[in-house]
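Rule-based calculations on the coordinates, nothing more; no lab input. Bear in mind the structure is a predicted one, so any value in this text is a computation, not a measurement. As a convention, Cβ positions derive from the backbone with ideal geometry for all residues, glycine included, and neighbour counts pool all protein chains shown.
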Amino acid sequence: MKRSTNKTAEFVYGLAKPIADELGLTIWDVRFEKEGAMWVLLVIIDKEGGVSIDDCEAMSRPLDKKLDETDPIEQSYCLEVSSAGIERELTKDWHFDACKGQQIVVRLIRPYNGRKDFTGVLSNMEDSTVYLSAEDGEYAFRLSDVAVVRLFAAF
């Protein structure tokens, strides 16, 4: 059965969520993307206290079995299960809600006042606009102007 990449990700999310729930994990994101010549099905997981390699393996094995049973993807692909990480990308409304008050980096598609990267505290995300409180002022960026929003990890 052939599906678009978004529909494939949605379908796989439906397969992965019960497994994640049973393991005490959260599905941060599911992506089905072409990387070079290969298709990659990426399931990004999270949990309080961080994700270990054992968590990724515990998620991967039963999900791989479910994918083999349902066979939702026509072409060959590689299944990857990984942690959302400390510099996780914020792509969904609930990501922004969960990360309010945290340091983020917003990278714009085109420069604004000569800059593409802005770092500050996520104040809000509402009506497809990200609100950022930075040392040099308050910013509001339309998501249509944003290339990526990530948590900021200062080392």
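For the options Met59, Met125, Met38, a Gaussian network treatment of the chain with springs between C-alpha atoms closer than 10 Å singles out Met38 as fluctuating the most.
Seen through its C-alpha gyration tensor, with square-root eigenvalues sorted a ≥ b ≥ c, the chain comes out prolate because a/c lies at 1.5 or above while a/b is bigger than b/c. Residues whose amide H lies under 5 Å from that of Met125, counting only those 5 or more places away or on a different chain, are Tyr131; hydrogens are built 1.01 Å from N in the peptide plane. Taking all Cα pairs closer than 8 Å and separated by 6 or more residues, the relative contact order of the range 15-155 comes to 19 percent.
Residue-wise HN-Hα couplings along the range 23-30, as the Karplus relation 6.51 cos²θ - 1.76 cosθ + 1.60 with θ = phi - 60° gives them from phi, are 8, x, 10, 10, 7, 6, 6, 10 Hz; Gly and Pro carry x.
Classify the range 17-94: rounded, prolate or oblate, from the alpha-carbon gyration tensor (a ≥ b ≥ c, eigenvalue square roots; a/c under 1.5 rounded; otherwise prolate if a/b is larger than b/c)? Since a/c reaches 1.5 but b/c is at least a/b, the shape of the range 17-94 is classed as oblate.
Taking amide H as placed 1.01 Å from N in the peptide plane, the amide H of Leu90 sits under 5 Å from that of Val149, Arg150, Leu151, each at least 5 places away or on another chain. With respect to the chain, whose longest principal axis is taken over its alpha-carbon atoms, helix 53-70 is tilted by about 60°. The phi torsions of the range 91-102, fed into the Karplus equation with coefficients 6.51, -1.76 and 1.60 and a -60° offset, translate into couplings of 10, 10, 3, 5, 4, 5, 4, 5, 10, 4, x, 9 Hz, rounded to whole numbers, with Gly and Pro shown as x. May I ask which of Lys47/Lys116; Lys66/Lys100; Lys47/Lys100; Lys34/Lys65 have a Cα-Cα span longer than 29 Å here? Flagged as over cut-off: Lys47/Lys116; Lys66/Lys100. The modelled label-to-label distance for the pair Asp54/Glu10, using points 7 Å beyond Cα in the direction of Cβ, is 3.7 nm. Once C-alpha pairs closer than 8 Å and six or more residues apart are averaged by separation and normalised to the residue number of the range 1-80, the relative contact order reads 37 percent. Leu108 sits among other residues whose Cβ lies under 12 Å from its own Cβ, and their net charge, with Lys and Arg +1 and Asp and Glu -1, is +3. Structure remark: mean-square fluctuation, Gaussian network model of the chain, C-alpha springs under 10 Å; the largest value among Ser133, Ser144, Ser123 belongs to Ser144. For a quick check, take a GNM of the chain with Cα springs below 10 Å and name the residue from Asp71, Asp97, Asp55 with the largest mean-square fluctuation. Looking only at Asp71, Asp97, Asp55, the largest GNM fluctuation is found for Asp71.
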